[in-house]
Amino acid sequence: MKNKSSKYVMEDLLQILENIRKVEAPSELYSQILSKIEGQKKDFVSPKWILTAAAVIVVLISFNIKLFENTKDSLRSDFDTLFMMKSPNTFSYE
């Protein structure tokens, strides 16, 4: 079994590339590429829409945080009522 170093293995693989034939590209290919690039420049999102989307996201996140806080307070008070828990800073002598 031949143990070749990676340098020689890579040289063997790159020799395959020497056999590739060069072809000419169609003459209209360059103009097609330029027209596609120009078409992509027209796909522009206005800053007004970006700011509107950002504001909507901020409002939704704020609403979810507030809703979560209210739900957490409600669950705690229900739990306290259910088990008649006393607040920790009251003393009782029973």
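The values are calculated or read from the model by the stated rules, or taken from the named source; none is laboratory data. Only a predicted model underlies this, so the values are computations on that prediction, with no experimental measurement involved. So basically every Cβ, Gly included, is an ideal-geometry build from the backbone, and we count neighbours across all protein chains shown.
Here's the yes/no breakdown for (1) part of a helix (DSSP H, G or I); (2) exposed (fewer than 10 other Cβ atoms within 10 Å of the Cβ); (3) modelled with pLDDT under 80:
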position	(1), (2), (3)
LYS4	no, no, yes
GLU24	no, yes, no
GLU38	yes, yes, no
PHE44	no, yes, yes
ILE57	yes, no, no
LEU60	yes, no, no
LYS66	yes, no, no
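Of all residues in the range 46-55, which are exposed (fewer than 10 other Cβ atoms within 10 Å of the Cβ) and polar (S, T, N, Q)?
Scanning the range 46-55 gives a single hit, SER46.
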